[in-house]
Each structure stands twice: as structure tokens, then as C-alpha cells.
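Written out below as C-alpha cells is the structure these notes cover.
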Amino acid sequence: MLGPGGREHAIVRALLADPFVGEVHAAPGNAGIAADVPTHDIDANDPAVVTDLARRLGSDLVVIGPEAPLAAGVADALLDAGIPVFGPTKAAAQLEASKAFAKQVMASAGVPTAMARVAATDEEANEALCTFGAPYVVKDDGLAAGKGVVVTDDLDEARAHASACFRAGGTVVVEEYLDGPEVSLFVLSDGRTVVPLAPAQDFKRIADGDRGPNTGGMGAYSPLEWVPAGLVDEVVSRVAQPVIDEMAHRGTPFAGVLYVGLALTSRGMRVIEFNARFGDPETQAVLARLSTPLGGVLLAAAKGTLDQVDQLKWSPRTAVAVVLASENYPDAPATGRRVRGLRKAAKVDGAHVLHAGTALRDGKVVSAGGRVLAVVGLGDSLADARTTAYDSLSLIELEGGQFRTDIALRASRSEVTVTGPAAAPA
Ligand code: AMP
Ligand code: GLY
């Protein structure tokens, strides 16, 4: 398992629960992952180093968590070495690494998405902003860990973000604004066949009520009771399968997980973005409910045999994941602070703790990143799952720690609704 975060800890946990998985190793991991499996302190973005480690361990499968190793060509190197890998090649990972590329693929595949223009100068950006009008959406056309997007009613702020991206040597994508609730759906693919997981919702802003700057994600829940019946089938038939077919047609088949970020707008479903990896923290909520052993499914995606996998089985329970972040996240997070109460928190019935930015110092767990951990609560209803997650989180102490108190709150009160064509049952 490659990667350092909460998503990786969730995947490690699921692999350890798979009776067919013999041994799990992680690189580099974090304090929580290291408590569960052997870890290796290597540069997970270096294709040669990763290939060397996988050879030494005799790995049957390498699972790539984050986008950086994908963009660096780690999957390509493993494939060249004949080692099965879950995660797309560098060329296929362009679906995430370049928003402009993703837009081209969507246009070729007839996938519904926001109208967009690529801009390389202040004049082009200004013209696009005026064409689409407020609210303005400006995206850095490169990997920015979910933080390169500015959505604002303030034209000057939109222009300033575009200018900053140009000064950094990049281009931007300017888009029409999409209204309506967002959905994250992970779709596994072996390059041909697609297998969807359960939909989740992510909370991107730092503060309650969706206020403050965008983050990597402050919480998530799954499944979504409010989505129209047939949404998953619709995403598979109108988005995932056409994109997977288009990538194969271009000679750059996509094997791994296609993360489809959607808005259910008043005019129907629209793709906001693709990622070439599992989402964080949605994975923490989604995998908590997956009853089918994960290892076999990921191996089938790597080996081109997803068509032989039985339908996935899910727990009927609901999962809520709440992230605990460091003081000053997402700007300059304060790190190196003791995290206390982890053992007590994990003892809460129905809860488990997944580490993200943590490290061990003198045998004690300290914060080592922006997002420190996520507490996952399972329950028979969203309200129950929320109570479990927040009860557990209340036992954890981190000086200056920030978390949202409203993860899945509106959905638990049935306040999330879809209007327009997407609302019609399929
Ligand atoms: P992205 O990096 O493309 O996922 O964008 C990050 C977040 O910005 C998304 O999850 C949305 O909340 C918001 N966003 C992106 N594009 C749009 C859009 N066209 N309209 C409204 N919100 C958007
Ligand atoms: N939770 C958003 C992401 O993983 O990009």
C-alpha cells in the first residue's frame, strides 16, 4: 500500500479484514498504519525505489493511494517490471492531473459537465469570466490537492486567482457555476469493465455551514439516502463506461479507480471533476460498509478480470467520517503536537480511528500534517452514525485541533434535496 494518509489507512484496514490477503506492507504510511502493518520509509513517488521494494517483498499487488505517485509514473514502472498494480498509468492519470485533458475526454465521450474554457493570459481569463458570469469558478490546471479551485462572487478575487496561477507558470480552466448537491462516486475499472462502489458526500470547506477555504475534505458519509433511484446506474452508463471506453480507444486504458465528482444540478447531473484515485475522506466512510473482501476486487482490477467479480456486498449500516485537522489548516498547519485519547476513542462501540497526518515521537503519537485523523462511526441511521463518530472524536485531544460539527447533519434531517431532471427516478 503506497501513501501516507487516512485513505491509505482505510484501505490497509480493509485489506487486513480480507481473509484471502496474507500480508500487507505500507510505504511510507503513518503512525496508525505502522501500528497495523510493517512500514517502509521510502519515497513512494520514486518509480525505481517503489519497484525495488515491491520486488524485495515479493508483492502480489501494489495499491497506489495518492495522485502524486500516479503522476510520477509509479504504475508504469511496476507494470514494466511485471508486478500487478492497482492504479492507472501516468498517461491515464492525466484524467486527474490535467483538468483541460479531462474536459477533452468528456467532450469526446459525450459526458455531461460544466461548460469551460482554458485560459493562459489575464485577458483570456477575464473574457471567460465575463462570458460565464457570477458565481465565478477558476481552477488551476494541475494537481493542487483539491485546493486549486476558487469559487467566488467577487470578480477581482477570481481574476487574482487566475493571475496567481499564470505567475506560477500554469494555465487555468474557467467554468460555469454548477448548483445542486455534490456526490462522489468511486468506480473501479480494469480498463474495460466498470464496478461502482457506494456513493458518498464530502465536505470540502474548513468550517461549519460550508464556510471558509476549501480543504482536502473535512468529513464524509455514505450511503446517500437522498440521491435519486438509479443514480449509480446513470453515472455508470453516462459517465464511467463512456470515459473508460474513450481512454481504451485512445490507447491509454484506465485501470484503477475513477473518482467521479458530480453535481446534481437543476438541469441534471454534471461532472465536476475526475480523480484517478480514491477520495479522502470519502474512502474512510465507503470502505467501512464494504462487506466484499477488498483485496480480491483490487487484484481483479489490476489483472483485467473485473467481469468475473460477483456483485459487491454492503453493510446496511450508515458510515460517517469526521476529520480532525491541525490548527491553521489549510494554510500552514501546526504540527508536532501530541494526540491523546486515541485508545479510548477507538473503544466507542461502532467507531474506529483512521490516522492521516500522524507520526511517532518518543513512542507517542504526534500530529504531522494538515489533516491528522478521521473518526468513522457506523450506525443504523445517519443520526446514530453521527452520534457514534462525534462521541468518539470528543475523547481525542489535540491542541488547536479543528473539526466540523455539521458533517452529515443536513442529510440526517432530510434537508438535502435534488431538484430538476436528476430527481426523476431512473
Ligand atoms: P475540484 O478540484 O474540481 O474538485 O473542485 C473543488 C470544489 O470546488 C468542488 O468540489 C466544488 O465544491 C467546487 N467546484 C468546482 N467546480 C465547480 C463548478 N463548476 N461549480 C460550482 N462549484 C464548483
Ligand atoms: N475528498 C476529495 C478528494 O479526495 O479529492
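So the values come out like this:
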| quantity | calculated |
| --- | --- |
| Accessible surface, the stretch 229-325, averaged per residue in Å² (probe 1.4 Å) | 33 |
| Accessible area of the stretch 333-426 divided out per residue, in Å², using a probe of 1.4 angstrom | 49 |
| Of all accessible heavy-atom area on the stretch 241-390, the percent that carbon and sulfur account for (1.4 Å) | 46 |
| Percent RCO, i.e. relative contact order, over the stretch 131-269, from Cα pairs under 8 Å lying at least 6 residues apart | 25 |
| Cα gyration tensor category, rounded, prolate or oblate, for the stretch 1-112 with a/c compared to 1.5 | prolate |
| Sequence-separation-based contact order of the stretch 215-304, relative, with Cα cut under 8 Å and 6+ spacing, percent | 32 |
| Whole-Å distance, taken between Cα centres, linking the stretch 39-108 and the stretch 180-254 | 20 |
| Extension reserve of the LEU16-ASP245 stretch, reckoned as 0.36 nm per residue once the Cα distance is removed | 79.2 nm |
| Furthest towards positive pole of dipole, LEU178, SER189, PHE166, structure part the stretch 143-205, Cβ charges | SER189 |
| Length-normalised contact order for the chain - Cα pairs under 8 Å, 6+ apart - percent | 18 |
| Cβ-placed point charges (K, R +1; D, E -1), dipole of the stretch 303-384 about Cα centre in debye, nearest 20 | 480 |
| Long pairs among LYS99/LYS204; LYS90/LYS313; LYS90/LYS303; LYS103/LYS303, criterion Cα-Cα beyond 21 Å | LYS90/LYS313; LYS103/LYS303 |
| Solvent-accessible area, 1.4 Å probe, carbon plus sulfur percent, for the stretch 6-96 | 50 |
| Spin-label proximity, ARG340 to the stretch 367-399 - amide N less than 13 Å from point 7 Å beyond Cα toward beta carbon | 395-399 |
| Global geometry of the stretch 323-363, whether rounded, prolate or oblate, following the gyration tensor of its Cα atoms and the 1.5 cut on a/c | oblate |
| ARG55-GLU182 FRET efficiency (beta carbon distance; Förster radius 45 Å; 0.05 resolution) | 0.65 |
| Per residue solvent-accessible surface (Å²) - the stretch 59-206, probe of 1.4 Å | 38 |
| Magnitude of the charge dipole, the stretch 164-272, Cβ model with Lys/Arg +1 and Asp/Glu -1, debye to 20 | 320 |
| More than 38 Å apart - percent of Cα-Cα pairs taken over the chain | 16 |
| Accessible surface of the stretch 140-202, 1.4 Å probe, proportion on carbon and sulfur as whole % | 47 |
| Charge dipole (debye, nearest 20) of the chain; +1 at Cβ of Lys and Arg, -1 at Cβ of Asp and Glu | 820 |
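The values are calculated or read from the model by the stated rules, or taken from the named source; none is laboratory data. Because the structure is a prediction, the values reported are computed rather than measured. Methodologically, a virtual Cβ is constructed for each residue, glycine included, from the backbone with ideal geometry; neighbour enumeration extends over all protein chains shown. In case anyone asks, the SASA skips ligands and DNA or RNA and just uses the protein heavy atoms, side chains included. Shrake-Rupley method; radii C 1.70, N 1.55, O 1.52, S 1.80 Å.
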